[in-house]
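One structure below.
The values are calculated or read from the model by the stated rules, or taken from the named source; none is laboratory data. Note that the coordinates shown come from a computational prediction; the quantities given were computed from them, not determined experimentally. Neighbour counts run over all protein chains shown; Cβ positions are idealised from the backbone, glycine included.
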Amino acid sequence: MSKIFNILNGDALKEQFPSAILGEKIVARLCLVDGPVEGETVENLFAVRAKFIAENYPGFTEADYFKYALETRTIQEIPANSTINLWFEDDLFCQVNFWFILDFIKKDQNYTINLVRPMKHSEYAFGGMNEGELIQAFDNKIQLTEIDQKTLKQFWNAYQENDLLELLILADEVKAKFPFLKPAIYAHLDRLSKQSRPKTALKEIIKELKTDKFGLVFQAFCKRESIYGFGDLQVKRLYDEIMLEGSET
């Protein structure tokens, strides 16, 4: 009998994961949407990520990063002929992690790979779903064919190489089956533009709320720009940049 593995997008989902859904759980504690992602090997990539996280996320060390990365590495130990359920949301944060994981999974192992998505997109996504809704999302999972897997893996390569045109082309190729990819790609392009969409949104929120209290600004940002899926650490980095820009004018 083949084994079942559920690769989860974070610890929050692990805590609320329905006991009725069988299989081992692996938490992919990644944040590839923020910072550099260069590296010809996984070892190179994780070294680059560890350095970035330690330098930009207060309270985190390189050792912390490598400790968290250990669980992600177990993905390559999944035995052949297993079923792998990938639990990822539609936002840019989750999608970049999903592309990487799909590329990271060992090749030629005769896996059955499924994508489990939330039934609706919101700032809460899986976090806002009860046990019954999570089971329903699991029941509606999408089996990824070999062609699907081959195409979706290319998203990680294009993202890693910052090939924006290729990302758009790929999203257009699979829009019939995976329509949620295009909004995430466009959100990625918008944040790289001169008028960075996330920073513009933060400035507008601060102006509209007439406050620069981070907690209130963060909550409003999550509702307005849920397509990014940013957590407090990612938004705080952008917020601090805005505050610094304001102090220099």
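So, of the residues in the range 3-31 that are touching a strand residue (DSSP E or B) at 6+ places or on another chain (Cβ under 6 Å) and among the polar types (S, T, N, Q), which turns out to be nearest to ASN114 (Cα to Cα)?
That would be ASN6.
Conditions first: (1) more than 30 Å from ALA54 (Cα to Cα); (2) of a type in the set (Gly, Ala, Ser); (3) surrounded by fewer than 17 Cβ atoms within 10 Å (Cβ to Cβ). SER196 passes all but one, so which condition is the exception?
For SER196, the failing item is (1).
Report yes if some residue within the range 28-43 is touching a Gly at 6+ places or on another chain (Cβ under 9 Å), surrounded by 15 or more Cβ atoms within 10 Å (Cβ to Cβ) and more than 20 Å from PHE230 (Cβ to Cβ); otherwise report no.
no
Do the conditions hold for ASP108, that is, is it farther than 20 Å from ILE227 by Cβ and surrounded by 14 or more Cβ atoms within 10 Å (Cβ to Cβ)?
no
Without any contact (Cβ under 8 Å) to a residue 12 or more places away in the chain and closer than 15 Å to ASP90 by Cβ - does that describe any residue in the range 161-181?
Looking for residues that are without any contact (Cβ under 8 Å) to a residue 12 or more places away in the chain and closer than 15 Å to ASP90 by Cβ, one finds at least one in the range 161-181, hence yes.
Going by the conditions given, is VAL96 modelled with pLDDT of 95 or more, in the same structural domain as LYS25 (by TED's automatic domain parsing) and assigned to a helix (DSSP H, G or I)?
Yes.
Here are some conditions: (1) more than 22 Å from LYS14 (Cα to Cα); (2) of a type in the set (Ser, Thr, Tyr); (3) surrounded by 15 or more Cβ atoms within 10 Å (Cβ to Cβ). THR61 meets all but one. Which one does it not meet?
Condition (3) is where THR61 drops out.
Scan the range 68-91 for residues that are buried (at least 22 other Cβ atoms within 10 Å of the Cβ) and closer than 24 Å to ALA47 by Cβ and jot them down.
Selection gives nothing.
Between ASN85, ASN114, which is free of Cβ contacts under 8 Å to residues at least 60 places away in the same chain and closer than 17 Å to PHE17 by Cβ?
ASN114
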